[in-house]
Amino acid sequence: MYIIGERINGTFSNVNEAIKKKDKSFIQKLAVSQIQKGADSLDISLGPEFKNSTDAMKWLINSVEEAVNTTLCIDSPKFEIIEFALKAAKSPKIINSSTCHDEKLDKYIKLAKEYNSSLIVLTMDETGLPKDLEGRLALAVKAVQCIQDNDFSIDKIYLDPLVMPVNIAQDQAKTVINTIREFQIITSPPVKTIAGLSNISQNTKNRSLINRTFLALLMEAGLNSAILDPMDSDLMDTVKATQILLNKTIYCDSFLKLR
Amino acid sequence: MENNMNFFPFLNKGGVYSLPKIAFEIYDYIPENYPGILKEYFSNFSGKPGMWAGAAREFKADMVCLKLIGCHPDERDFGTAQAVNSVKDVLENTDLPVIVIGTGISQKDNEILPAIANHFKGQNLILGCARQENYKEIVKEAKHSGGSIILEVPVDINLAKQLSILISEEGMPLDKIVIYNTSAALGYGFEYVYSIIERIRLAATSGDKFLSTPQLAIVSTETWKAKEATADFAQWGENKARYALWEAVGACGYLAAGADIVVMHHPEAIKAVRLLIDELTENN
């Protein structure tokens, strides 16, 4: 399971404050601790207040790169900010994200090619998010075709079926699980899949419990990667236990100690 | 995953870091149950491990494995000083890498193995075996010796992984650990060990770093125990050839499973396995 740590995100008030005050030490502690807890990569997101600020993005990237050596997942709804970040960052990169809207996807694939970046593709388009598995699958197939037409490696793509909060769209949880399973038969070898895990428990009670239970179900369906909170040790323990139950890792008594 | 391991030495064409090794097993003392067939080759070698070590190159072995049978309390119960002398004798008579294996009795091994680690710092010895009940005593000295350690588990992949973790937590670098799942001869549990060696190798290919260690298989002394190999029973075929074949087939099987070091003793068996390794890896 490839884990992308979600904590460096300006929508969290403490991160927003740190960006505002240029508190490098706060950001660097957050970067280091996420890696120590098992993150393979770090999501970097400015949040609403600084969403247009290239200065803030540059500062955030520099602060993180000074402290850790890892892949950065550049998270922004703005193409210009992503392009800026890809230029500014020295680390390997993942673009978070593009939709399947033809023009947009084409533009993002070309950007990813130019900067040798990976790309997360959300299976929604200009008409919105499909309610069912078939709708998401159709968009995924179209996206894979666009990727192949652009001669971009499927290895560098993560398909995201879009997780919805369970208290708003309860039936969508099972749809997402089944969609992850179905995404894997589009290509051979299968294209990688990803989920923004914390979305499942947005505004619910017992968020950690919902997150880790959902993650185990997604892992059984074949999920490769997730954007999540590595500081949630119960969640990280669930990853380890699930890998053993799915026979992906050999059991040993110290299995929880391992990364 | 970067390491020096070549996962499929018999399939690769080029770019191999490390080929499987034959370790010629020798002893500080020849015990009562030493098969008669082997006495034809080695009756003059008892108590002379250095002489034996010198013969390893002649048999085209890659390594020497000194088993301290004489130190076993039920054999001659040699003490630490004699164990150290045996190792010294071997090192003076060979430039091949040397494995030293103790008695299998933890109380005795806890005396002789740390002493050997301490005495031969910098000689890059591979010391065995550390088990669940005594690994701390052995690692305490071994980690400062610059050499490696063999961890021994009874055909248990989960315990192998656990012990690999515990030993590395005690300060032994991960690239200085060898896994030994107690081997068995053909007909005596061979396939159980085969499947464990294979599973460990598969786990290594999927990135399990605590199982990405070299694996050792001992076919020499296991073949002593097989009556099908040692019995002078004409209906089973000519005894000498049968013995050599039993040992060779065991070694070949373990190599196919993924063992990196096979510990052998019969010169004809070694010759056969040498031929197999050389011919199957000639493009590497």
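Some points to look at:
- Distance between the pseudo-spin-label points of A:I244 and A:Y2 (7 Å out from Cα toward the beta carbon): 2.6 nm.
- Buried solvent-accessible surface, both chains (A, B), 1.4 Å probe, Å² to nearest 100: 800
- Note on the protein assembly as shown: with neighbouring protein chains present and a 1.4 Å probe, carbon and sulfur make up 49 percent of its accessible heavy-atom surface.
- Normalising by residue count, region B:101-238 has a Cα convex hull of 120 Å³ per residue.
- A simple count of charges around B:K161, restricted to other residues whose Cβ falls under 11 Å of its Cβ and scoring Lys, Arg +1 and Asp, Glu -1, yields -1.
- Cα extents for region A:108-170 along the principal axes, largest to smallest and rounded to whole angstrom: 40, 20, 19.
- Within chain B, longest stretch clear of exposed GluC sites (Glu not before Pro) (DSSP loop, no more than 12 other Cβ within 10 Å): B:134-237
- Relative contact order of chain A, pairs being alpha-carbon contacts under 8 Å that are 6 or more residues apart, as %: 17
- Reducing region B:18-82 and region A:211-251 to their Cα centroids gives an inter-centroid distance of 50 Å.
- Computed with every protein chain present, the accessible area of B:W246 is close to 60 Å² [probe 1.4 Å].
- Normalised by the number of residues in region A:82-232, the average gap of Cα pairs under 8 Å and 6 or more apart makes the relative contact order 19 percent.
- Cα lying deepest toward the dipole's positive end in chain A, options A:I210, A:F79, A:L256, charges on Cβ: A:L256
- Distance cut-off 21 Å, percentage of C-alpha pairs in region B:169-284 lying past it: 43
- For chain A, the spread of Cα positions along each principal axis, largest first, Å: 49, 45, 34
- Here is the size of region A:150-238 from its Cα atoms: Rg then Dmax, 13.5, 45 Å.
- Equivalent ellipsoid semi-axes, the protein assembly as shown, via Cα gyration tensor eigenvalues times 5, rooted, Å: 57, 25, 20
- The trypsin sites (Lys or Arg not before Pro) of region A:151-212 that meet both conditions, a loop assignment by DSSP and at most 15 other Cβ atoms within 10 Å of the site Cβ, are A:K205.
- Summing +1 for each Lys or Arg and -1 for each Asp or Glu among the other residues whose beta-carbon sits under 12 angstrom from that of B:H72 gives -3.
- Projected label distance in nm at A:T11 and A:S254, using a 7 Å step from Cα toward the beta-carbon: 3.8
- One Cα centroid belongs to region B:208-250, the other to region B:92-113; the line between them spans 22 Å.
- Net dipole in debye of the protein assembly as shown [+1 Lys, Arg Cβ; -1 Asp, Glu Cβ; about Cα centre; nearest 20]: 1080
- Summed residue charge, Cβ within 9 Å of B:Y29's Cβ, Lys/Arg positive, Asp/Glu negative: -1
- Against the compact-protein benchmark of 2.2 N^0.38 Å, the Cα-based radius of gyration of chain B scales to 0.95.
The values are calculated or read from the model by the stated rules, or taken from the named source; none is laboratory data. Please read these numbers as outputs of a predicted model, since none were measured by experiment. Virtual Cβ from ideal backbone geometry, glycine too; neighbours counted across all protein chains shown. To get the accessible areas, we keep the full protein, side chains included, count just its heavy atoms, and leave off ligands, DNA and RNA. Shrake-Rupley method; radii C 1.70, N 1.55, O 1.52, S 1.80 Å.
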